[in-house]
Amino acid sequence: YNLVDVKTKDGFNMTPLFIGSQGTLGIITEITLETEVHNPETTLLVGMFDDVSKVQKAILELREMHDLPCSVEMVDETLLNQVNEINPNQLKEVIAKPFPRQVLLVEFDDANEHAQRRAAKKAAKILEKNGTNFHIASNEDEKTRLWKLRQATSLALSHTDGAVKAVPAVEDGIVPLENYAKFVEGIDELLKRNHVKSAVWGHAGDANLSMQPYLDIGQLGDRQKLFRIMDEYYELVIKLGGSISGSTSDGRLRAPYLKKLYGEEKYDLFK
């Protein structure tokens, strides 16, 4: 519940309280929305990185730009390797092995062509300075081809190896951007410690990252491992000053961690 923004200098505004309350305070029956003009004429940049700290540095610099990118997405090496094993054609003529540790996709959609070109040029310098390689595309076919890197997530997550599959139970953590590298390193250590494979991807521009460990939840050992991974993942997110729900609701799986996230006093206030 967003209690902080309810009190304003002009009185009380209940809107921030209702947004995010997930239906617990009442039902919204009417909403007025504002829209933004969609511009299909975009510029897409793809940066390759082997150093996660340099990814963080690049994202922070991108976020300081006057004309912000409309999208900053990330896929990791594990995801690309998984997709390459399942269907090599998915990445054919898009990216070659050996895959970088992380790939950033940065897109600009400013309706002003000059402003968009200027912003893309500045972003290219940021990617070139911090990454190992980068590519820029404004041609529609080329952009579609490069976005396959991010869309490859669905192929990896839908694939099953016998009874082993990606389990959507540990995901959507978000941390302050200055802790992006610690978040990634922490996830890597967590997976190694539990001897589990998982891709990592997400909205890198917000440090909102997802993972879905490959497990056979028909097996007691893997079910126990899943709950252990959940405990360690959400503890990492909270320790780094983040939230366990970056872009989706808490739900039954995350609700048990809310007391740890907010603390006893605030949790009692919510109750």
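The values are calculated or read from the model by the stated rules, or taken from the named source; none is laboratory data. Source: prediction; values computed, not measured. Neighbour counts are summed over all protein chains in view; Cβ atoms, including those assigned to glycine, are modelled from backbone coordinates with ideal geometry. In case anyone asks, the SASA skips ligands and DNA or RNA and just uses the protein heavy atoms, side chains included. Shrake-Rupley method; radii C 1.70, N 1.55, O 1.52, S 1.80 Å.
Some points to look at:
- When residues of region 24-72 are limited to those that are touching a helix residue (DSSP H, G or I) at 6+ places or on another chain (Cβ under 9 Å), at pLDDT below 95 and among the acidic types (D, E), the one most open to solvent (accessible area, probe 1.4 Å): E41
- Scope region 239-256; condition under 14 Å from D172 (Cα atoms), within 20 Å of the chain's Cα centre (by Cα) and part of a helix (DSSP H, G or I); matching residues: G251, L253, R254
- The residues in region 250-267 that are within 12 Å of Y1 (Cα to Cα) and open to solvent by 80 Å² or more (accessible area, probe 1.4 Å) can be counted, and the count is 2.
- In region 73-88, residue surrounded by the most Cβ atoms within 10 Å (Cβ to Cβ) [restricted to those that are touching a strand residue (DSSP E or B) at 6+ places or on another chain (Cβ under 6 Å) and not aliphatic (A, V, I, L, M)]: D76
- Qualifying strands (runs of 3 or more DSSP E) (wholly inside region 149-216; at least 2 residues being out of contact with any helix residue (DSSP H, G or I) (no Cβ under 8 Å at 6 or more places or on another chain) and open to solvent by 30 Å² or more (accessible area, probe 1.4 Å)): 164-166
- Members of region 89-109 found to be over 20 Å from A58 (Cα atoms) and open to solvent by less than 60 Å² (accessible area, probe 1.4 Å), listed by number: Q90, L91, V94, I95
- Verdict on E142 being at negative phi, over 18 Å from the mean Cα position of the chain (by Cα) and either part of a strand (DSSP E or B) or surrounded by fewer than 20 Cβ atoms within 10 Å (Cβ to Cβ) (or both): yes
- Among the residues of region 222-249, those identified as out of contact with any helix residue (DSSP H, G or I) (no Cβ under 8 Å at 6 or more places or on another chain) and open to solvent by less than 60 Å² (accessible area, probe 1.4 Å) are D222, K225, L226.
- Subset of region 2-23 [on the phi < 0 side of the Ramachandran plot, at pLDDT below 85 and open to solvent by 60 Å² or more (accessible area, probe 1.4 Å)]: L3, V4, I19
For every residue, the table says whether it meets (1) without any contact (Cβ under 8 Å) to a residue 40 or more places away in the chain; (2) out of contact with any strand residue (DSSP E or B) (no Cβ under 7 Å at 6 or more places or on another chain); (3) of a type in the set (F, W, Y); (4) closer than 22 Å to R63 by Cβ.
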residue: Q116; (1), (2), (3), (4): no, no, no, yes
residue: A119; (1), (2), (3), (4): no, no, no, yes
residue: N139; (1), (2), (3), (4): yes, yes, no, no
residue: L155; (1), (2), (3), (4): no, yes, no, no
residue: D172; (1), (2), (3), (4): no, no, no, yes
residue: K182; (1), (2), (3), (4): no, yes, no, yes
residue: K192; (1), (2), (3), (4): yes, yes, no, no
residue: S198; (1), (2), (3), (4): no, no, no, no
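- So P213, is it closer than 27 Å to L155 by Cα and either of a type in the set (A, V, I, L, M) or modelled with pLDDT under 95 (or both): yes
- Among residues of region 89-102 that are free of Cβ contacts under 8 Å to residues at least 12 places away in the same chain, none has a beta-carbon under 7 Å from a residue that is of a type in the set (K, R) and open to solvent by 30 Å² or more (accessible area, probe 1.4 Å) at least six positions away or on a different chain.
- Residue check for E128: more than 21 Å from H203 (Cβ to Cβ), open to solvent by 90 Å² or more (accessible area, probe 1.4 Å) and under 23 Å from the mean Cα position of the chain (by Cα): yes
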